[in-house]
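To keep things clear, I will list the structure first and then write my remarks on it.
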Amino acid sequence: MSERRATVERNTLETKIRVSVNLDGTGHSKLDTGLPFLEHMLDQVARHGLIDLEIHADGDLHIDAHHTVEDIGITLGQALARAWGDKKGVRRYGHSYVPLDEALSRVVIDLSGRPGLEMFVDFTRGQIGGFDVDLFYEFFQGLVNHAMITVHIDNLRGKNAHHQAETVFKAFGRALRVAVEPDPRMDGVTPSTKGTLTEADNS
């Protein structure tokens, strides 16, 4: 399998984002977004997904964090899609359950070629470290739309909002790690009866 790396830049009037990913990394991250709690969550994805991840973002944070968070999700999704290419030889599906004290979350991923997000997280408070929890949905929606993947996110239980968020991002990282992992039994084969995972109507 060839090297699975990508760098994507996205520049708009609202944000300037640069994302680099290495799917076969060691879990290293270098993050500069102006949003400390989001960086803490993205570091979980890198570490538990064994993905090297660099993100630099300059956004209109003087307004609020919405544009920056959404555009980070979009750009990360684009970088992931570019890094895994035609997806030949990967497992395609990944899932993970992650606990943290009283909290438990489950994330299931399909590198389907179709964007879809089902996210059920009833956060126990509206902000964590000054970060608006509503923006987690915007992040994942931007990511799945541009990575062209199906993601189901369920927080099964939790009383501490920080724990709820952290279990979601850790589970996402671990599920992604499984989905993109090379399957030696599928060497050079696309894991789809249609023979492609790059079209919107495949299954």
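Got a sec? Which strands (runs of 3 or more DSSP E) wholly within segment 62-147 have at least 1 residues that are in contact with a Gly (Cβ under 9 Å, 6 or more places away or on another chain) and of a type outside the set (A, V, I, L, M, F, W, C)?
In segment 62-147, 93-100, 103-110 are the strands (runs of 3 or more DSSP E) which contain 1 or more residues that are in contact with a Gly (Cβ under 9 Å, 6 or more places away or on another chain) and of a type outside the set (A, V, I, L, M, F, W, C).
What number of residues within segment 141-160 satisfy the criterion of being within 25 Å of residue 129 (Cβ to Cβ) and either buried (at least 20 other Cβ atoms within 10 Å of the Cβ) or of a type in the set (D, E, K, R) (or both)?
Number satisfying all stated conditions: 10.
Of all residues in segment 42-54, count the ones that are more than 9 Å from residue 21 (Cα to Cα), surrounded by 22 or more Cβ atoms within 10 Å (Cβ to Cβ) and more than 10 Å from the chain's Cα centre (by Cα).
Qualifying residue count, segment 42-54: 1.
Checking the structure you have, find out if any residue of segment 105-120 is surrounded by fewer than 18 Cβ atoms within 10 Å (Cβ to Cβ) and closer than 22 Å to residue 54 by Cα.
No: segment 105-120 contains no residue that is surrounded by fewer than 18 Cβ atoms within 10 Å (Cβ to Cβ) and closer than 22 Å to residue 54 by Cα.
All but one of (1) under 26 Å from residue 126 (Cβ atoms); (2) surrounded by fewer than 21 Cβ atoms within 10 Å (Cβ to Cβ) hold for residue 2; which doesn't?
So the condition that residue 2 fails would be (1).
Just give me the residues in segment 1-15 being farther than 22 Å from residue 88 by Cβ, touching a helix residue (DSSP H, G or I) at 6+ places or on another chain (Cβ under 9 Å) and not in a loop (DSSP other than H, G, I, E, B), in sequence order.
Correct list: 9, 10, 15.
Would you point out which residue out of 108, 189, 133, 180 is more than 20 Å from residue 79 (Cβ to Cβ), in contact with a Lys or Arg (Cβ under 9 Å, 6 or more places away or on another chain), among the β-branched types (Val, Ile, Thr) and at pLDDT 95 or above?
None of the other options fit; the residue is 133.
With the structure loaded, tell me whether residue 51 is within 20 Å of residue 34 (Cβ to Cβ) and of a type in the set (Val, Ile, Thr) or whether it fails that test.
Taking the combined requirement at face value, the residue does not satisfy it.
Failed condition for residue 78, given (1) in contact with a strand residue (DSSP E or B) (Cβ under 7 Å, 6 or more places away or on another chain); (2) surrounded by fewer than 16 Cβ atoms within 10 Å (Cβ to Cβ), with all others met?
(2)
Would you check if residue 94 is touching a residue at least 60 places away in the same chain (Cβ under 8 Å) and surrounded by 21 or more Cβ atoms within 10 Å (Cβ to Cβ)?
When the stated conditions are applied, residue 94 passes them.
The values are calculated or read from the model by the stated rules, or taken from the named source; none is laboratory data. Predicted model, so just to flag it, every value in this text is computed and none were measured. Quick reminder, even Gly has a Cβ in these numbers, built from the backbone with ideal geometry, and neighbours come from all protein chains shown.
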